[in-house]
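Worksheet for the structure shown next.
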Amino acid sequence: MSQELERVYTINLGKVLLSVDTHRAPRAINMIKEFARHHMKTSDIKIEEDLAHIIWSRGVRSPPRKIRVRMSKTDEGYILVSPYADEKETPAKEVKKETPAKEVKKETPSKEVKKETPSKEVKKETPSKEVKKEAPKETPAKEVKKETPSKKTPKKSK
């Protein structure tokens, strides 16, 4: 009976949020161990360092809500819990992404050339408008300041 068991599970860690925010990551580790004990029916459980890094990657206060793990029983009799990485699906997705990317690259340069010409014209007009706006702003501001103190003095004398 020295057969090697290997199973893949998605563990829901949503109940971690019920604990105090400074104890959430340790509770997530404990929940993974409890899950492994229940499903693999062995009390000796070891969590791989990579899985611990994934749980602690966002800090003690916000561990992931769900995590996909691979549990395998070793010859020594303990359960090794490691992060699950599916290698078969990744190459198929990459092949599909490459084909549309080439089509987009062909269309993009023609659009960029058209956009560059109007942007240069806008830059030439902008500095002249700024200079005109600065001069009128200074004159009314001084007049308003002079009028306000004279209005305040009669109010105090009443």
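Points worth noting:
- Between 65, 37, 61, the distinction of being in contact with a strand residue (DSSP E or B) (Cβ under 9 Å, 6 or more places away or on another chain), exposed (fewer than 14 other Cβ atoms within 10 Å of the Cβ) and of a type in the set (Lys, Arg) belongs to 65 only.
- For segment 40-58, the tally of residues that are surrounded by 13 or more Cβ atoms within 10 Å (Cβ to Cβ) and in a helix (DSSP H, G or I) stands at 6.
- Within segment 38-73, being farther than 17 Å from residue 22 by Cα and in contact (Cβ under 8 Å) with a residue 40 or more places away in the chain holds for 66, 67, 68, 69, 70, 71, 72, 73.
- Whenever a residue of segment 5-17 is surrounded by 12 or more Cβ atoms within 10 Å (Cβ to Cβ) and modelled with pLDDT of 95 or more, its partners that are of a type in the set (Phe, Trp, Tyr) and assigned to a loop (DSSP other than H, G, I, E, B), lying with C-beta atoms within less than 9 angstrom and at least six residues away or across chains, give the pairs 9/84.
- Note on segment 63-77: among residues that are modelled with pLDDT under 95 and in a loop (DSSP other than H, G, I, E, B), the one that is farthest from residue 27 (Cα to Cα) is 75.
The values are calculated or read from the model by the stated rules, or taken from the named source; none is laboratory data. This one's a predicted model, so the numbers in the text were calculated from it and none came from an experiment. Methodologically, a virtual Cβ is constructed for each residue, glycine included, from the backbone with ideal geometry; neighbour enumeration extends over all protein chains shown.
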